[in-house]
């Protein structure tokens, strides 16, 4: 393993320690070493925003803790759901008495742990509502939306939900905005190499040189097909062919496009990919209101790329455009 | 008199579960790696070792099972933390009033454990999960108790059905959990959760038989 680690069993602890000291302008530790919160949380009068998930997806999830975004995050082992206790402690850290929205991805472990955490919090008198991200198109058929997993679209869900809360929205309004954001969002990924969990020490799947896996998941879940490696333009077109008809997106739509590397992808190549995405969308009469290109939601050291597209309406546009400040997402006031 | 053992002497059952997970740490991760992310053995072992550090002298079987359940539930995360956490907590609760553990007590423990898992997850028999081991094991145990079998015979019936259920997962297509996204590609591989469930039920049965002898 060509990796920059110490003890493979301590990678998450040591990552959190480093993150907390590097970004002490935004985040602070809590009594639970697996819960990181915004330095001003809980914010009086504001609905709390919580998320969480397995580690290895930097900047997700801790990278989205910050101003007008997420208030507290539960941190799990690499690719493994945080504990119910971590979600519970994150909910408590975020609650100002206005209720807490837990906005997270559709994975069996996370669903179970959030469910138990929400029950515990309810016993303390905290009102908890949840929104499950399910933006990954290849992970299930369109008539099985509830089986789809959450991927990079979660970033846009946090952006919308966090902004709605910051603008004074009630818990109902925050949850509705986050739900709308994810309902308007579709994603797909392409993987070119596998990734290795440090404590496992070897990749748990293979992608042959010269091949690519279309529809790959954020933990290396196999995609819908394996085929010969294509030029960047063709990859971009294939991603759009999967994403656009599913919502569907069409002529006249205004969208947010989020292109993310999967961990080992040169940012240069992400822009080559985005270039073609924007060209095709323009040809189809779809305008990009705001693009994000970079490493927003990764999968350890996987080489690959994800495309996320969100269809905007007036409310989502306002929420996406609101200023914010975190390690992973920084937008100045317009 | 029916076969039984003292709950007070039963902490060794949890010690044995901890040892079985340690012995199979690599094996469980290898199975998981074929259709999952390859950390099942690692996460299980981490939880069971944490539990080992919290067990105290003189604990009964029920008390030790409760420590195991709480440790997995609160500190392991993933899917297996809550599932096995609730499983062992329910087994502890179902047996804590019993001074002697006989076939009927074990039956109520396994039924309570299975009920806790059904409450939490959506898996049904045939979905390629630990339920494929647990459901037939619980059914065989109940059938044996109903026909008047004593502990040894009832446990043997349980293990036999657990093994058949575990092996059946090789030819199943995953319906829930992360490997369900693989569809047909999940066929031909044993399920990691069904495997750990079988190994633990088998170890528990062997230990109970020794205690009752």
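Every number in this text was worked out from the coordinates using simple rules, so none of it is lab data. As the structure is a prediction and not an experimental result, all values here were calculated from the model. Note that we place each Cβ from the backbone using ideal geometry, even for glycine, and neighbour counts take in every protein chain shown.
A few notes on this one:
- With each label modelled as a point 7 angstrom along the Cα→C-beta vector, the residue B:122-residue A:284 pair spans 2.8 nm.
- Ranked packing of A:162-173, B:40-51, most packed first, by mean Cβ within 10 Å: B:40-51, A:162-173
- A viscosity of 1.567 mPa s and a temperature of 4 °C, combined with the Kirkwood radius over Cα pairs in Stokes-Einstein, give a translational diffusion coefficient for chain A of 66 µm²/s.
- Cβ-derived FRET efficiency at R0 25 Å, residue A:334 paired with residue A:20, nearest 0.05: 0.20
- The value of relative contact order for segment A:1-139, using C-alpha pairs under 8 Å at least six residues apart, is 22 percent.
- Euclidean distance of C-alpha centroids, segment A:89-158 and segment B:144-195, integer Å: 30
- Relative contact order, percent, segment A:191-334 [alpha-carbon distance under 8 Å, six or more residues apart]: 26
- Mean partner shielding of peptide A:193-203, defined as the number of other chain Cβ atoms within 10 Å of each residue Cβ, is 3.
- Ordering of B:117-130, A:91-104 by burial proxy (mean other Cβ atoms within 10 Å per residue, highest first): A:91-104, B:117-130
- At an R0 of 60 angstrom, the distance between the Cβ atoms of residue B:164 and residue A:251 translates into a FRET efficiency of 0.55.
- Distance between segment B:93-134 and segment B:15-39 - C-alpha centres, whole angstrom: 21
- Averaged over the residues of peptide A:52-59, the number of Cβ atoms from other protein chains lying within 10 Å of each residue's Cβ is 1.
- For peptide A:75-82, the mean count of partner chain Cβ atoms within 10 Å of a residue's Cβ comes to 5.
- Among A:57, A:23, A:184, residue whose mean-square fluctuation peaks in a GNM of chain A (springs only between Cα atoms under 10 Å): A:23
- The relative contact order of chain A, computed from alpha carbon pairs under 8 Å that lie at least 6 residues apart in sequence, is 18 percent.
- Projected label points at residue A:143 and residue A:314, each 7 Å from Cα along the beta carbon direction, are separated by 3.7 nanometres.
- Nearest-ten-degree value, helix B:192-212 long axis tilted from longest Cα axis of chain B: 10
- For peptides B:93-103, A:283-293, A:298-308, sequence by mean Cβ density within 10 Å, most packed first: A:298-308, B:93-103, A:283-293
- Comparing A:32, A:134, A:68 in a Gaussian network model of chain A (Cα springs below 10 Å), the most mobile by mean-square fluctuation is A:32.
- Long-range tail of P(r) for segment B:4-212 (Cα pairs > 30 Å, %): 15
- Chain A - share of DSSP beta bridges that are antiparallel (%, nearest 5): 55
- Whole-Å distance, taken between Cα centres, linking segment A:213-260 and segment A:10-65: 30
- Computed from the Cβ-Cβ distance with R0 of 22 Å, the FRET efficiency linking residue A:264 to residue A:228 stands at 0.65.
- Label point distance in nm, residue B:49-residue A:39, each placed 7 Å from Cα along Cα→Cβ: 3.7
- For the protein assembly as shown, the 222 nm mean residue ellipticity estimated from helices alone, with every DSSP H stretch of n ≥ 4 adding -39500 (n - 2.57) and the total spread over all residues, rounds to -14500 deg cm²/dmol.
- Residue with peak Gaussian network fluctuation, chain A [Cα springs, cutoff 10 Å], from A:242, A:182, A:224: A:224
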